[in-house]
Amino acid sequence: MEKNKDIVGYVPNLLYKFYLRLKERFDSPRKVTQEEIYCFEICKKLIFDDDSKLTIAPLSDKRYIKNDKRRMFVVLENGTINLINHVYSYSIYCEYDNNYNELIKLIDSELEKKRIELECEIKSNISNSLKKILNDLSV
């Protein structure tokens, strides 16, 4: 009975490995287009620009970059980057998922840094307020 269980798990696993080998052999690797590279670099610069406002929409899983000074707006969703400036609008689909995922991580990490700063400011205000209350009670 135990041999049947081993075979049942072994055969699908073997077929899956065979499928992966065939897929690697016949699917040509995706090449990153020049448009994707430009769009990726633009987004990176906007993410690290101090004038940019980063926002995330958790339910729709969209990320936004807004830079009023440069008059640019970027929306990242489902592997597509929509880049809008004061004259044109571009929609770039990212065939190369690593670049898109890196942008998502960059935005998320920058938002996390800003969240930590905000929490520190809140804790500092609470601490100062409690200290003032204590001093008022001591007098």
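The values are calculated or read from the model by the stated rules, or taken from the named source; none is laboratory data. This is a predicted model, so every value here is computed, not measured. FYI the Cβ positions are ideal-geometry reconstructions off the backbone, even for glycines, and counts take in every protein chain you see.
Tabulated data
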| read-out | value |
| --- | --- |
| Residue match in the stretch 51-68 (condition: surrounded by 14 or more Cβ atoms within 10 Å (Cβ to Cβ) and part of a loop (DSSP other than H, G, I, E, B)) | no |
| Considering residues of the stretch 80-116 that are part of a helix (DSSP H, G or I) and among the hydroxyl-bearing types (Ser, Thr, Tyr) only, the residue nearest to THR33 (Cα to Cα) | TYR100 |
| Any hit, the stretch 41-64, residues being farther than 28 Å from ARG115 by Cα and among the polar types (S, T, N, Q) | no |
| So PHE48, is it buried (at least 17 other Cβ atoms within 10 Å of the Cβ), touching a residue at least 12 places away in the same chain (Cβ under 8 Å), touching a helix residue (DSSP H, G or I) at 6+ places or on another chain (Cβ under 8 Å) and aromatic (Phe, Trp, Tyr) | no |
| Which listed residue is of a type outside the set (Val, Ile, Thr) and loosely packed, with under 10 Cβ neighbours inside 10 Å, from SER89, SER129 | SER89 |
| Meets criteria (within 19 Å of the chain's Cα centre (by Cα) and aromatic (Phe, Trp, Tyr)) for PHE73 | yes |
| Residue check for GLU36: at pLDDT 85 or above and surrounded by 13 or more Cβ atoms within 10 Å (Cβ to Cβ) | yes |
